[in-house]
Structures are given as structure tokens and as C-alpha cells.
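The values are calculated or read from the model by the stated rules, or taken from the named source; none is laboratory data. Predicted model only: the values in this text are computed from it and were never measured. Virtual Cβ from ideal backbone geometry, glycine too; neighbours counted across all protein chains shown.
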């Protein structure tokens with residue numbers, strides 16, 4: 001929400017938020033179910049539509065599978081919670097009813113030195129939400145970050161190994177400019193943690209060292225207004241008639 005501070009009778013400073021991101025945590029049983037499901041899903045069916053540079057596997061997932069049911073419900077609830085917060089707290093976000101429809105769901109099993117360049121997600125709706133959830137994370141990722149912050153790794157190596165970075169900087173300036181606000185956030189992946197964010201939010205995954213895979217599950221949700229949904233349904237009805 002925009003905040004306003006009156007400095008004098010003739011001067012007001014307006015400050016605007018940059019981004020809102022929801023963080024949640026999956027129940028242990030749900031994490032175990034997804035992990036068991038992912039053990040047998042390695043068809044690389046999602047690779048052609050993604051930007052990731054990986055030697056591992058990227059597979060489309062079936063959210064109707066019994067082991068995925070609780071995960072899907074958690075992601076849907078997270079998206080609804082995000083939408084409700086935004087409509088109540090952020091100026092310019094409509095409070096009208098929205099319908100959430102799953103657009104896609106896929107897993108990414110990254111090998112060491114794999115990475116995902118800066119990218120955004122896409123949906124069929126004008127507005128959309130994306131999620132990322134961590135299912136398997138090599139312990140050395142967190143340890144490398146801690147060692148780097150404590151000065152035990154030379155030249156900052158390990159500071160970003162395997163981390164997710166959100167980046168909302170799109171102005172012609174740099175972080176060294178005193179007037180530049182926070183423009184990015186580094187996320188240390190933790191098993192069970194998930195994030196909900198707007199589809200347009202740029203993000204990247206840094207390569208990491210070690211020998212184990214790093215597993216995550218992503219979803220995209222179409223977020224339709226009533227008018228958009230009516231047009232969508234009308235289009236599909238005409239296409240099938």
C-alpha cells in the first residue's frame with residue numbers, strides 16, 4: 001500500500017511498495033508424498049517449454065495423482081491467500097472475485113552446476129501467479145552460504161550457490177545509487193518451503209557445487225476476473241460446438 005508522509009504544508013512524500021511474495025511451509029506428510037511421487041517421474045516431458053539450462057530432468061506432473069492431492073490444495077490455498085491479501089492491502093488491486101485455475105505443474109531435478117537464467121512465467125489469463133516449492137535440497141547449499149557469510153570461503157564463493165533470486169529491478173540505475181531501494185532478494189532453498197509470486201516477477205537459480213540433485217516443483221495459476229472467465233468459457237464453447 002502506498003504510504004504518504006507530509007513534510008510541510010506544501011510537500012508530501014509518497015512511497016510505493018515494490019513487490020509482495022508469500023512464503024509457506026508444507027506439512028511433512030505432503031513433502032514425503034511428493035518426494036515418493038517424484039522418484040518415479042523422470043520423463044523430461046516439460047524440458048522443451050522451459051528456459052532452464054540443466055542436465056537433470058524436467059517433467060510435467062499430474063496433480064490428480066493421489067500423492068499430489070495435498071500439494072495441489074496447498075498451492076491453490078496459497079494463491080487464494082495471496083490474492084485476498086493483495087486485494088485488501090494494495091492500492092490498485094481490484095477486490096472483485098477471482099477464479100484460480102491451474103495452468104501447469106512441473107518438476108525440476110537439477111544436477112550440480114545446472115542453473116536457470118533470469119526469466120518470468122506465463123499464463124493464459126492477464127494476471128497470473130507462480131509458485132515454487134522445494135522437495136530435495138543438498139545440505140551443502142545452506143552450509144556454503146553460511147560459510148561464505150562468516151568469511152570462511154574466499155572471494156564470496158558459495159554466497160549464491162544453488163540459491164533462488166527474485167529481481168524486480170527494471171530502472172536504469174544500480175544498487176550502488178543511494179536512492180535505489182531494495183531491488184532483489186536471495187532465497188536459501190529449504191525442503192518444504194514454497195513461495196507464491198506474480199508471474200511477471202523475474203527470478204533466477206544460481207549453479208551450485210556438490211554431488212546431489214536439487215528438486216523443486218513449480219506451478220502456474222491462471223487468475224481470471226469474472227469478465228475474463230466468461231470470455232474464456234464462451235471461446236471454448238464456440239470452439240467445441
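Mind checking which residues of region 3-22 are outside any loop (DSSP other than H, G, I, E, B) and loosely packed, with under 12 Cβ neighbours inside 10 Å? Reasoning before the result, please.
First, pick out the residues of region 3-22 that are outside any loop (DSSP other than H, G, I, E, B): 3-8, 11-15, 22.
If the condition is that a residue be outside any loop (DSSP other than H, G, I, E, B) and loosely packed, with under 12 Cβ neighbours inside 10 Å, then 3, 4, 5, 6, 7, 8, 11, 12, 13, 14, 15 are the ones that fit.
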Subject >> Residues that are surrounded by 14 or more Cβ atoms within 10 Å (Cβ to Cβ), assigned to a loop (DSSP other than H, G, I, E, B) and modelled with pLDDT of 85 or more, drawn from region 170-199 >> reply: 188, 189, 191, 192, 199
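Considering 95, 10, which residue is more than 21 Å from the chain's Cα centre (by Cα), modelled with pLDDT under 90 and closer than 25 Å to residue 233 by Cα?
On the way: 10 fails: closer than 25 Å to residue 233 by Cα.
That would be 95, the only listed residue that is more than 21 Å from the chain's Cα centre (by Cα), modelled with pLDDT under 90 and closer than 25 Å to residue 233 by Cα.
So, in region 147-169, how many residues would count as being on the phi > 0 side of the Ramachandran plot, surrounded by fewer than 16 Cβ atoms within 10 Å (Cβ to Cβ) and either at pLDDT 60 or above or part of a helix (DSSP H, G or I) (or both)?
Here the count works out to 2.
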Subject >> Flag for residue 57 being more than 24 Å from residue 198 (Cβ to Cβ) and touching a strand residue (DSSP E or B) at 6+ places or on another chain (Cβ under 9 Å) >> reply: yes
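Given the structure, is residue 122 closer than 14 Å to residue 223 by Cβ, at pLDDT 90 or above and either in contact with a helix residue (DSSP H, G or I) (Cβ under 9 Å, 6 or more places away or on another chain) or in a helix (DSSP H, G or I) (or both)? Talk me through it step by step, then tell me what you get.
Numbers: closer than 14 Å to residue 223 by Cβ: yes; at pLDDT 90 or above: yes; either in contact with a helix residue (DSSP H, G or I) (Cβ under 9 Å, 6 or more places away or on another chain) or in a helix (DSSP H, G or I) (or both): no.
No: the conditions fail for residue 122.
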Original post:
Which one is farthest from residue 108 (Cα to Cα) among residues in region 125-146 that are in a loop (DSSP other than H, G, I, E, B) and touching a helix residue (DSSP H, G or I) at 6+ places or on another chain (Cβ under 9 Å)?
Top reply: 126
Subject >> Inter-residue pairs, beta-carbon under 7 Å, first on the phi < 0 side of the Ramachandran plot and without any contact (Cβ under 8 Å) to a residue 12 or more places away in the chain and in region 8-34, second in a helix (DSSP H, G or I) and surrounded by 12 or more Cβ atoms within 10 Å (Cβ to Cβ), 6+ apart >> reply: none
Subject >> Selection count where residues are surrounded by fewer than 19 Cβ atoms within 10 Å (Cβ to Cβ) and farther than 19 Å from residue 46 by Cα, scope region 107-126 >> reply: 3
Subject >> Hits in region 27-74 - residues which are part of a helix (DSSP H, G or I), out of contact with any helix residue (DSSP H, G or I) (no Cβ under 8 Å at 6 or more places or on another chain) and closer than 25 Å to residue 119 by Cα >> reply: 38, 47, 48, 49, 72
